[in-house]
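Encoded as structure tokens, the structure appears first; notes follow it.
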Amino acid sequence: MSTKVVIKQSTYFDSVSLMSLSTKANQIEGVEQAVIAMGTDMNKEVLKNVGLLTPELEAAKTSDLMIVVKAATDELCESALIAIEELFKKKGGSKSATEIKYSTIDSAAASIPEANLAVISVNGAFAAREARKALENDLHVMLFSDNVSIEEEIALKQFAHEKGLLMMGPDCGTAIIGNVALCFGNAVRKGNIGIVGASGTGSQEVSVRIHDFGGGITQLIGTGGRDLSEQVGGIMMLDGIKALEEDEATKVIVLISKPPAASVQEKVLAQVKSCKKPVVVYFIGGEETPVLEAGGHFAKTSKEAAIKAVVLAGANEDELNKRALNWPLIEEVRAKLTPEQKYVRGLFCGGTLCDEAMYLAMDKYEDVYSNIQKKADYKLKNIHESKAHTFLDMGDDDFTNGKPHPMIDPSTRIARFLEEAKDPSVGVILMDFILGFGSHEDPVGVMLPAILEAKANAAKEGRHLEILGYVLGTDLDTPNFDEQVKKLMDAGVTIASSSTNAGLLAREFVAKGE
Amino acid sequence: MSKINELFNGKIHAINVGIEFFKDDIIKQNANASHLDWKPPGGGKPELINALDKLENAAVAEKIAAANKLAVERIINSQPMLVGFDQAINVVPGMTKTTILHAGPPITWDKMCGSMKGAVTGAIVFEGLAKDIEEAEQVAASGAITFSPCHEHNCVGSMAGVTSASMFMHVVKNKTYGNVAYTNLSEQMAKILRMGANDESVIARLNWMRDVLGPMLRDAMKIAGEIDLRLMLAQALHMGDECHNRNNAGTSLLIQALTPYILETDFTKEQKREVFDFVASSDYFSGPTWMALCKCALDAAHGIENSTIVTTMARNGVEFGIRVSGMAGNTWFTGPAQKVIGPMFAGYKPEDSGLDIGDSAITETYGIGGFAMAAAPAIVALVGGTVEEAIGFSTTMKEITTAENPNVTIPLLDFQGVATGIDIRQVIQTGILPIINTAIAHKDAGIGMIGAGITYPPMEAFEKALLAVTETISQ
């Protein structure tokens with residue numbers, strides 16, 4: 001056993017710092033006992049108790065720093081002393097300037113007076129409470145969380161309405177406010193078209209198409225999918241229309257929703273009627289007459305909604321590249337498919353994209369099944385088994401319960417795709433790939449191996465499998481739109497230029513004997 | 001312009017709660033976003049969330065806000081003055097020759113931890129109620145001694161908090177509200193009674209404190225009249241103390257104020273010299289003084305109907321107890337005392353430590369100590385080692401407190417006041433516990449202090465308090 005002593009004269013350290021150093025010194029490899037302390041009587045007493053007090057230490061003054069190391073060998077003592085010297089050297093600039101962390105909306109709002117919006121994505125059980133606190137603090141709310149009860153939604157929206165605040169959501173995935181996309185959204189040009197959307201991917205699609213047609217967005221207000229239900233009564237859509245009407249930059253307003261409850265549709269159209277700005281109404285699967293009667297502009301598809309909006313906003317319709325349906329392509333694909341390959345299988349991340357494709361198929365066929373079908377007879381009893389034409393919203397709760405959304409975790413969709421690809425009655429599989437803020441960093445890339453595998457298997461069986469892809473995104477988005485499209489095309493996937501065209505192409509590819 | 005249109009035209013500054021990359025995406029788009037360090041309120045326990053909801057009912061919340069405003073005003077406006085020193089038997093309410101006060105919530109002899117037992121037996125010997133420690137144990141167990149929490153006698157006691165009849169006490173009077181608080185004298189550091197040591201050297205020191213130090217301070221204060229402690233506390237913080245574990249500046253200020261009067265007392269030069277040497281032997285001399293100040297201010301805020309402000313945090317080495325203003329009297333809410341994590345004296349290991357003990361958390365209850373770590377960069381080793389972390393602790397505490405005390409400020413934080421008025425609702429809401437920096441006593445009797453570090457109260461105590469307060473207030 002060896003003991004080494006170092007005394008540094010007139011070197012002061014606070015006792016707490018020294019305790020901390022001692023603790024670290026005792027953890028040095030090979031150290032039996034280490035004491036780093038000022039030469040006070042009390043510390044000498046401690047050294048005496050542990051049998052380390054030498055005459056040299058006894059002579060140390062209160063202002064002297066004592067370093068004592070006990071280890072198995074001289075070498076270990078020496079190396080420990082070197083390690084102790086290192087402990088005294090402070091690594092400066094340890095961290096960047098402290099960013100104050102707030103734990104509650106109350107304290108953040110109180111300390112950040114310029115805060116004007118809360119984006120809330122906590123578990124649904126706690127979400128309404130946080131949203132209420134945000135509204136109490138005069139913050140507009142983007143409530144991404146789902147599993148918030150309809151009673152809570154109504155209470156929050158009424159409260160927001162009284163305070164003149166936006167209450168987007170619950171279950172609101174998309175908004176663009178002041179050219180800032182919140183949660184999921186695409187990078188679209190600034191312009192003069194305002195959107196109020198009760199459906200997330202539908203709103204994304206319309207904003208992207210507007211950008212594609214050369215137009216731009218002022219605001220995109222998401223309302224959450226239940227806003228136009230009987231119970232909620234369209235509180236946020238009505239407030240949204242009003243706000244866009246008052247917004248000087250907005251020239252045209254676009255409304256997007258699944259078909260609203262009848263009484264709510266009446267309220268919304270009444271507001272459309274009194275609105276001084278042109279309003280394009282795209283209620284998926286909705287009827288034209290009431291919209292026209294209200295003086296609105298009816299759109300049957302998302303693409304039509306975007307075209308009408310940009311034209312109303314000042315674009316020259318004749319100069320638009322409307323990306324007409326490619327009929328020669330349709331003929332070509334039809335020729336490749338066998339008579340048995342009758343069905344479309346749509347596997348979607350985007351709920352509205354699924355809805356639009358499904359409604360377009362329903363215009364042509366009877367037997368269109370889905371997990372989100374309104375018609376009870378055609379709602380899939382077993383979501384894990386497709387029937388005839390099947391369109392699946394894989395972002396719906398049926399699929400996501402306890403699992404991440406397919407936009408984030410593609411594994412469920414990959415498995416389902418491989419199943420569908422084996423079915424000889426399937427002519428075309430339609431899939432969406434959503435780019436932009438909040439999306440997967442490479443949505444095409446994660447699907448690609450499965451696509452190649454399915455294609456190869458079908459070829460082995462002498463069967464053509466048509467895979468139709470739609471990439472929702474703009475040239476400004478991340479990941480890069482062109483690269484994503486190229487990857488799909490290189491894998492032999494046919495690309496649709498819009499959600500609408502995707503639905504139309506899919507249904508036409510499998511049409512027989514016309 | 002409507003609020004929605006203001007939003008359209010203004011610059012987005014979002015508060016993001018939940019998925020963090022939403023914040024990153026907003027920042028990428030050249031807007032501002034602040035991400036909350038959010039946890040489910042009440043740890044996600046439905047009964048606690050229900051309770052919080054009940055307390056957020058507008059009418060109830062208003063009552064609480066008014067009560068809490070009054071409570072923190074009383075804490076902040078309290079002006080505790082040191083007015084004297086005297087023996088406990090002469091001044092402490094309810095004190096008898098066979099009473100022993102202890103730290104923390106009520107506890108019986110059989111349940112006391114090692115260091116408290118050590119201190120109790122030492123005190124019994126010191127008071128002449130037993131001839132040695134062995135006999136003292138029998139006396140303690142016999143039922144002849146009345147054990148009672150310091151807090152229930154307007155007192156606070158460091159570590160084991162053991163206070164007996166003939167010990168000298170600080171007498172601190174609230175100039176604003178008139179109430180009085182007491183605490184005994186610092187024995188300085190290491191092998192001392194309040195840390196559980198009780199050998200002859202410890203008893204000898206207590207005797208000297210009773211016969212020389214105490215009377216000298218008593219006589220000095222008779223001449224001095226009063227000393228404004230709050231002013232001195234504010235100064236000490238500016239000089240780099242947080243006034244729980246670092247008392248270098250405060251001790252200098254206090255002895256500086258007392259010295260002229262000590263010199264005027266009738267004690268011998270040698271005795272005066274002893275006193276000055278004693279004070280110089282450690283920097284902890286003023287430690288208990290601040291505790292009495294804090295107790296004096298907080299007692300003035302106790303018993304305000306509907307208030308959710310914490311007026312006491314104290315530990316007996318087994319249990320941690322809190323009292324809440326709205327629950328008048330001695331209603332304790334308890335949970336298990338926690339380990340204290342921090343640097344230790346050479347030769348001791350974490351397994352030697354006793355659990356968190358002492359009434360000294362009264363300093364954190366007032367807003368200094370762990371709450372004011374940013375004022376004391378010299379001892380940041382206690383809280384992890386960096387000044388940033390120390391600042392972080394001081395600013396984080398604002399999340400669970402109601403006000404900042406403008407009379408006690410921290411230079412490093414642009415002279416912001418210390419976080420004051422712990423609100424049990426905010427503790428449950430945020431999941432943030434008050435940080436306490438404190439000494440570590442050995443787990444066994446007879447050894448004493450072996451280190452210092454940080455600890456937290458058990459959440460359980462706050463949970464129980466919230467549920468009880470909710471029931472009381474909603475009625």
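Read-outs throughout are calculated quantities, based only on the coordinates presented, and are distinct from any laboratory measurement. Everything quoted here is computed from the prediction, not taken from an experiment. Positions of Cβ are backbone-derived with ideal geometry, glycine not excepted, and every protein chain shown enters the neighbour counts.
Laid out as a table, the results:
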{"quantity": "Shape of region B:293-433, Cα gyration tensor, a/c cut at 1.5", "calculated": "oblate"}
{"quantity": "Added length on full extension, which subtracts the Cα-Cα distance from 0.36 nm per residue, residue A:88 to residue A:245", "calculated": "49.9 nm"}
{"quantity": "Cα-derived Rg to Rh of region A:64-216, Kirkwood definition", "calculated": "1.35"}
{"quantity": "Share, in percent, of DSSP beta bridges within the protein assembly as shown that are antiparallel, nearest 5", "calculated": "50 percent"}
{"quantity": "Alpha carbon convex hull of region A:181-322, projected area averaged over orientations, nm²", "calculated": "7.5 nm²"}
{"quantity": "Region A:103-171 - Rg over Rh from alpha carbon coordinates, Kirkwood radius", "calculated": "0.94"}
{"quantity": "Rounded to whole Å, sorted largest first: equivalent-ellipsoid semi-axes of chain B, Cα gyration tensor", "calculated": "40, 24, 22"}
{"quantity": "Cβ-derived FRET efficiency at R0 60 Å, residue B:60 paired with residue A:398, nearest 0.05", "calculated": "0.90"}
{"quantity": "Label point distance in nm, residue A:230-residue B:223, each placed 7 Å from Cα along Cα→Cβ", "calculated": "9.0 nm"}
{"quantity": "Partner chain coverage, peptide B:386-393 - average Cβ within 10 angstrom", "calculated": "3"}
{"quantity": "Extended-chain gain in nm, criterion 0.36 nm per residue less alpha-carbon gap, residue A:29 and residue A:490", "calculated": "160.1 nm"}
{"quantity": "Extreme residue, positive dipole direction of region B:30-99, given options B:48, B:35, B:59 (C-beta unit charges)", "calculated": "B:48"}
{"quantity": "Region A:327-509 - convex hull of alpha carbons, volume per residue in Å³", "calculated": "108 Å³"}
{"quantity": "Hull volume in cubic angstrom per residue (convex hull over the Cα atoms of the protein assembly as shown)", "calculated": "205 Å³"}
{"quantity": "Cut-off under 5 Å, modelled amide H: who pairs with residue B:451 long-range", "calculated": "B:345, B:440"}
{"quantity": "Computed over region A:2-93, Cα set: Rg, Dmax in Å", "calculated": "12.3, 40"}
{"quantity": "FRET efficiency for residue B:273 and residue A:3, using Cβ-Cβ distance with R0 set to 35 Å, rounded to 0.05", "calculated": "0.40"}
{"quantity": "Amide H contacts under 5 Å for residue A:33, placed H, 5+ residues apart", "calculated": "A:70"}
{"quantity": "Nearby lysines by direct alpha-carbon distance to residue B:11 (threshold 24 angstrom, same-chain neighbours under 8 apart not counted)", "calculated": "A:101, A:133, A:157, A:163, A:190, A:242, A:251, B:3, B:23, B:28"}
{"quantity": "Cα-only Debye scattering, region A:432-487: base-10 log of I(q)/I(0) at q = 0.24, 0.28 Å⁻¹", "calculated": "-0.89, -1.08"}
{"quantity": "Which of B:333, B:195, B:466, positive extreme of dipole for the protein assembly as shown (C-beta unit charges)", "calculated": "B:466"}
{"quantity": "Disulfide-incompatible cysteines by the Cβ rule (no partner under 4.7 Å) in the protein assembly as shown", "calculated": "A:77, A:172, A:183, A:275, A:349, A:354, B:113, B:243, B:294, B:296"}
{"quantity": "Spin-label pair residue A:364/residue A:379, simplified geometry with 7 Å Cα→Cβ offset, distance in nm", "calculated": "2.7 nm"}
{"quantity": "Percentage of interatomic Cα-Cα distances in chain A larger than 44 Å", "calculated": "35 percent"}
{"quantity": "Label zone at residue B:331 (point 7 Å along Cα-to-Cβ), backbone N below 13 Å, region B:459-475", "calculated": "B:464-475"}
{"quantity": "Test item: B:395-406 mean partner chain Cβ contacts at 10 Å", "calculated": "2"}
{"quantity": "Sequence of B:447, B:428, A:150 once ranked by neighbouring C-beta atoms within 10 Å, starting from the fewest", "calculated": "A:150, B:447, B:428"}
{"quantity": "Within 10 Å of each Cβ in A:20-30, the average number of Cβ atoms from other chains", "calculated": "4"}
{"quantity": "FRET efficiency for residue A:136 and residue B:415, using Cβ-Cβ distance with R0 set to 45 Å, rounded to 0.05", "calculated": "0.90"}
{"quantity": "Separation of the residue B:30 and residue B:131 label points, Cα + 7 Å toward Cβ, nm", "calculated": "9.0 nm"}
{"quantity": "Only Lys, Arg (+1) and Asp, Glu (-1) charged, at Cβ; region A:103-171 dipole about Cα centre in debye", "calculated": "80 debye"}
{"quantity": "Sequence-separation-based contact order of chain A, relative, with Cα cut under 8 Å and 6+ spacing, percent", "calculated": "10 percent"}
{"quantity": "Full-extension gain in nm, residue A:58 to residue A:42, via 0.36 nm per residue minus C-alpha separation", "calculated": "4.6 nm"}
